[in-house]
1. With over 18 Å from K15 (Cα atoms), within 13 Å of ligand 1 (Cβ to nearest atom) and at pLDDT 95 or above as the only criterion, which of V84, V69 stands out?
2. Select from segment 52-78 the residues that are within 13 Å of ligand 2 (Cβ to nearest atom) and either under 17 Å from D2 (Cβ atoms) or in contact (Cβ under 8 Å) with a residue 60 or more places away in the chain (or both) and list them in ascending order.
3. So, G124, is that one within 15 Å of ligand 2 (Cβ to nearest atom) and more than 30 Å from N277 (Cα to Cα) or not?
4. Checking N48 against (1) farther than 16 Å from V121 by Cα; (2) away from ligand 2 (no atom under 12 Å from the Cβ), which test does it fail?
5. For segment 231-242, name all the residues that are in a loop (DSSP other than H, G, I, E, B) and either within 19 Å of L293 (Cα to Cα) or touching a Ser or Thr at 6+ places or on another chain (Cβ under 7 Å) (or both).
6. Farther than 18 Å from N200 by Cα, of a type in the set (V, I, T) and without any contact (Cβ under 8 Å) to a residue 24 or more places away in the chain: which single residue out of T251, T256 fits that description?
7. Return the residues of segment 263-280 that are in a loop (DSSP other than H, G, I, E, B) and surrounded by fewer than 20 Cβ atoms within 10 Å (Cβ to Cβ); say none if nothing qualifies.
Amino acid sequence: MDIIFMKRALSLAEKGAGFVNPNPMVGSVIVKNSNIIGEGYHKFFGGNHAEIEALNSLTDTPEGSTMYVTLEPCSHHGKTPPCVNAIIKSGIKKVVVAMLDPNPLVSGSGIKILKENGIKVVTGILEEEAKKLNEIFIKYITTKLPFCLMKSAMSLDGKIATKFSDSKWITCNESREYVHKLRHKYSSIMVGVNTVLVDNPLLTVRIPEFKGLNPIRIIVDSRCRIPLDSNVVKKISHAKTLIATTKKADTKKIKTLEDKGIEVLILPSKDKRVDLNALVERLGQMGIDSVLLEGGGTLNYSAIEAGIVDKVNCFIAPKIIGGTLAKSPVEGKGVSLVKNAFLVNNMVTYKFGNDIMIEGYIGQR
Ligand code: AOF
Ligand code: ZN
C-alpha cells in the first residue's frame, strides 16, 4: 500500500514540472483507513508546499491518518512557515517520506522534529524514483550550479543535418513533442551562435498547454556575432534571451543588443571561447537551476570537456544521411584515445514513434 500511495504522490509532484523551479517538485497524499482523504502538490514557485496543499484539501478529519510525501517535510521558515508545524498540529500520526531533503536548511531536521513530537516516520519508500524526479533540485541546492541535460537528435549514422545543413526534421513528431516538454521543464535552453546562424531557431515551448512559459534562451557567442535580425533577438516578448560573450565582443554591438532588451553577460574566456564553468556559475547565481543544451557540436564538446553536462538524451531516427561534411552531435577537438573517452553511465532506452532515445548520465573520466 505504501508504494501505491507514494506512486500517487510522485505523479502529483510531477505536475509541478516547469512551474516550481528552482524549488523541488513535491507531492503529498493523506490516507485514513486505506482511503485518500487529501492530496496536493507544490504548484508554482513561492506557492504552498505540497503538505499544506494536501492538508487544505482534506475531506475527513486528519487525526490518526498517514501522510505520504515525496520529500522530507521542511522545518525552516522560508517563503512559507515550516510544514512540520502544520503536520504536528493536524494530528497526523505517521509520515511516510520518499527521500530526505538535500537542502542544507532542512536535511534530516524535518524528520527529527516529527519524531520528537511522537509522529512515526518511515523513509526511503520509492527513494530512487523521487531522487530521479528531483535530480535538478538535488544538484542545484547542493552545488548552486545548474543541472545540464545535453539533448541531441541524429540519424542512425550519427548526423544532425545533411551536408547542406538541412535538419528539418530528422526525428519524428513524438520525439519533438518530448523535446518541447523538456524545454518546459528546464529553466534555460542553451545553444551556440553557429546554431543561430544556421537554423535561426525560436527556442520556445510549442505545446499548447504550456504556452507562454518559456525557458530563458542562452546563446553562447564569444564575439557577439549574433545577427540582429535573428529570431532570438527579434522575438523577445515571450521568452528572455541572454547572450554569453567575452571581452572580445564589440561594445557597440553589446549596447545595441542591450537596448533591444537582451541581457549580455561578459565572461572570462578560455581557449578564446566563453569559459563555460564561469558561465554556469553565473547562471546558478541568477537562480537558473537547469540548462537544456541543444548544441551544436562545438558547444556540446566544450560543455562535456568543461564537465558541466550531467545527463544526455540522444534521439536516434531510423534514417541514414551520410556525407563527410554532414555534422554530428559532438564535434570540437575530441579525445585522441578511446581510453580517454567520456563515459556514459546508467544508459536506458525509450521509444518515441519509430525513433529511439538513449538516456544516460555523464560519469567521471
Ligand atoms: C517546496 N515545495 O512542497 C516542499 C519544499 O522557498 P520556500 O520557502 O518555498 O522553501 C523551499 C524549500 O522547502 C525547498 O528547498 C525544500 O527544502 C523545502 N520543501 N519546497 O518548494 C514543497 N515540501
Ligand atoms: Zn514545507
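1. Result of the check over V84, V69: V84.
2. Answer for segment 52-78, where residues must be within 13 Å of ligand 2 (Cβ to nearest atom) and either under 17 Å from D2 (Cβ atoms) or in contact (Cβ under 8 Å) with a residue 60 or more places away in the chain (or both): A54, M67, V69, T70, L71, E72, P73.
3. No: the conditions fail for G124.
4. (2)
5. H238, A239, K240
6. T251
7. P268, D271, K272, D275
Per-residue answers, yes or no, for (1) away from ligand 1 (no atom under 14 Å from the Cβ); (2) within 26 Å of Y186 (Cα to Cα); (3) of a type in the set (K, R):
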| residue | (1), (2), (3) |
| --- | --- |
| S11 | yes, yes, no |
| K15 | no, yes, yes |
| P22 | no, yes, no |
| F44 | no, yes, no |
| N56 | no, no, no |
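The values are calculated or read from the model by the stated rules, or taken from the named source; none is laboratory data. Nothing here was measured: the structure is a model prediction, and the numbers come from that model. Cβ: placed from backbone, ideal geometry, glycine included. Neighbour counts: every protein chain shown.
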